[in-house]
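The structure appears below as structure tokens.
Nothing in this text is a laboratory measurement; each read-out follows from the coordinates by a stated rule. Since this is a predicted model, take the numbers as computed values, not measurements. Ideal geometry is used to build each Cβ from the backbone, glycine not excepted, and the neighbour counts take in all protein chains shown.
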Amino acid sequence: NSAHTRNMAAAAAQEFVSGPRVIQAAHQLLDQFSLRQLCEALATAPAEDAEPLISALEGLGEIEEVRALFVEEDVKAFLTQGVSAGPRLRGLVAKLLARLAKAEAMANRLLEATLFDLCEPLLLDEETGVAEAAAQAVLAGAKWPAGQQALVGVSPGTGASLAERLQSRLPEMSDVPRIRILALFVQLGRASPESFAVLESRGALEKALESFITEDLLLKLNAVELMDA
């Protein structure tokens with residue numbers, strides 16, 4: 001039954017977590033339970049089984065040779081649901097996106113699977129570590145031509161890119177996430193002349209500059225700290 005399968009999956013995950021995080025151990029775990037089965041087990045697991053399962057998924061995400069499995073169609077739903085789960089799972093999703101986006105082929109697969117869209121809620125996450133990992137995913141993805149178009153967009157803009165959607169939401173954001181997004185715009189602008197030109201044409205960088213010209217000292221310090229990050 002499903003509870004028995006889940007317990008077996010948790011036991012196999014615990015064995016993987018207890019040993020060295022190497023490709024052979026990952027294959028041994030995945031030979032017993034597919035990535036989809038591990039994700040499904042986690043979705044219904046009680047707390048004592050959830051810990052080894054999530055630790056195992058974190059470990060698998062650190063191994064380059066198996067990381068691509070997270071982009072497969074049958075696992076995609078898990079990542080999407082993970083964005084509205086607890087902070088540990090949200091962090092797992094954000095770090096996975098950041099790692100995958102570093103390779104152009106993987107970044108293109110993330111685009112095809114519309115998984116970069118998950119960065120939008122993750123960038124606004126209340127957990128700083130989650131938001132920072134999501135920002136790294138966007139910066140890594142924007143280095144590639146297809147990623148730049150989807151994440152930064154083109155001038156004057158179509159409203160479809162992630163940066164445009166975030167810019168349109170700036171007025172409704174509280175101070176900390178707003179400055180975090182403005183800092184991301186600056187980092188994107190620094191990363192390439194094309195991105196700089198596009199962001200400047202839409203007034204995104206001007207808004208970042210305005211965050212320094214404020215009477216609120218704490219806000220100004222936050223802005224400086226994020227820009228230096």
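Results, tabulated for the structure shown:
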{"quantity": "Distance between the stretch 26-46 and the stretch 127-186 - C-alpha centres, whole angstrom", "calculated": "33"}
{"quantity": "In order through the stretch 126-131: 3J(HN,Hα) via Karplus (6.51 cos²θ - 1.76 cosθ + 1.60), integer Hz, x for Gly, Pro", "calculated": "5, 7, 4, x, 5, 4"}
{"quantity": "Entry for log10 I(q)/I(0) by the Debye sum over Cα atoms at q = 0.10, 0.18 Å⁻¹ (calculated from the structure that is shown) out of [x] -0.62, -1.36; [y] -0.47, -1.41; [z] -0.50, -1.21", "calculated": "[z]"}
{"quantity": "Q14-R36 pseudo-label distance in nm [points 7 Å out on the Cα-to-Cβ vector]", "calculated": "2.7"}
{"quantity": "Cα lying deepest toward the dipole's positive end in the chain, options Q167, Q149, P121, charges on Cβ", "calculated": "Q149"}
{"quantity": "The chain: calculated mean residue ellipticity at 222 nm from DSSP helix runs of at least 4, using -39500 (n - 2.57)", "calculated": "-22000 deg cm²/dmol"}
{"quantity": "Length added when fully stretched, A191-T5, from 0.36 nm per residue minus Cα-Cα", "calculated": "62.3 nm"}
{"quantity": "Fluctuation leader among K143, K95, K207 - the chain, Gaussian network, Cα springs under 10 angstrom", "calculated": "K207"}
{"quantity": "FRET efficiency for A105 and E126, using Cβ-Cβ distance with R0 set to 25 Å, rounded to 0.05", "calculated": "0.15"}
